[in-house]
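The structure appears below as structure tokens.
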Amino acid sequence: MTDTTFEARDYASPPPVSEKLSELLTELSRQDRPKMSLRDIAIAMEDRSFGAFLVVFSLPNLIPLPPGATFLLGLPLVYLAFQMTFSRLPRVSLPPKLANYAMETATFALVVARITPWLERVERLVRPRFWIIESRLAERAVGALCLVLATVVFLPIPLGNWAPAFAIAVIGLAHSQRDGIVLAIGCVLGLLSLVVVAGVIAAAGALVTAFL
């Protein structure tokens, strides 16, 4: 099944793009269709899907995990950031098995109802303002930074994955909410996290050299 299948279905058209992510999800949950797949959500969110999915897949990397877990949890971030940088599509394109995952629309509506209060609180701080990413080229530049950060998250660097994952989460949230100020903060945090990781690697290399 390809992404074009969505348009061919006899469903109501995707909801109009709202400034607020909470409103967009609420409108989507009210669509008259039996089930809601991840593909449907990505298509309805259009180019906001990059940011939203980056947030979703970066959050597990912020939890203390045993060594080696980043190989599994960091890979989706690399995949999403690579798409954001190089894909011709303006939105996320998921692997078929993941894209076809669906839940009853009524269940999706319950999930949206539960997360909406949290989103609305976040939207008081992260909201549409000073958005300068109006071209796919500019978005690719942000995606390239996320790709570097995601690669660092993926690598087994001791204490090296939390800061880049947090920066990706901030960038993703800013991207999904069209907040230029928070996006700038996220990019600065990303660059600082790379400096920190470089310091960790340099310190580790110095210790290894000292014991050789």
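The values are calculated or read from the model by the stated rules, or taken from the named source; none is laboratory data. Please read these numbers as outputs of a predicted model, since none were measured by experiment. So basically every Cβ, Gly included, is an ideal-geometry build from the backbone, and we count neighbours across all protein chains shown. When the accessible area is computed, the model is the full protein with side chains, heavy atoms only, and any ligands, DNA or RNA have been set aside. Shrake-Rupley method; radii C 1.70, N 1.55, O 1.52, S 1.80 Å.
What number comes out for accessible area per residue over the chain if the probe is 1.4 Å? Units Å², please.
Accessible surface, normalised per residue, equals 54 Å².
List the chymotrypsin sites (Phe, Trp or Tyr not before Pro) in the range 95-178 that DSSP assigns to loop (not H, G, I, E or B) and whose Cβ has at most 15 other Cβ atoms within 10 Å. Which are they?
On the way: sites: Y101, F108, W118, F130, W131, F154, W162, F166; in loops: Y101, F130, W131.
Filter output for the range 95-178: Y101, F130, W131.
Over the chain, what is the relative contact order in whole percent, taking alpha-carbon pairs under 8 Å and six or more residues apart?
Values: 284 pairs, mean separation 57.6, N = 212.
For the chain, the relative contact order is 27 percent.
Taking the full set of protein chains and a 1.4 angstrom probe, give the accessible area of V195 in square angstrom, rounded to the nearest 10.
The accessible area comes out at roughly 100 Å².
Among E139, E46, E104, what's the order by accessible area (1.4 angstrom probe), most exposed first?
Largest accessible area first, the residues go E104, E46, E139.
Got the relative contact order for the range 132-212 handy, in percent, Cα pairs under 8 Å and 6 or more residues apart?
Values: 56 pairs, mean separation 20.5, N = 81.
Over the range 132-212, the number comes to 25 percent.
When only the heavy atoms of the protein chains count and the probe is 1.4 Å, how do D47, D32 rank by accessible area, highest first? Could the numbers behind the result be given before it?
Values: D47 60, D32 130 Å².
So the residues, ranked largest to smallest area, are D32, D47.
Please work out the C-alpha center-to-center distance from the range 93-157 to the range 26-67 and express it in whole Å.
One Cα centre to the other: 6 Å.
Once a ≥ b ≥ c are taken as the square roots of the eigenvalues of the Cα gyration tensor of the chain, is the result rounded (a/c under 1.5), prolate (a/b larger than b/c) or oblate (a/b not larger than b/c)?
prolate
Would you check the accessible area of M36, probe 1.4 Å, heavy atoms only, in square angstrom rounded to 10?
Accessible surface of M36 is approximately 0 Å².
Tell me the carbon and sulfur percent of the accessible area for the chain, rounded to whole percent, probe radius 1.4 Å.
72 percent
Mind telling me which of P96, P164, P76 comes out most flexible in a GNM of the chain, alpha-carbon contacts under 10 Å?
Between P96, P164, P76, it is P96 that shows the largest mean-square fluctuation.
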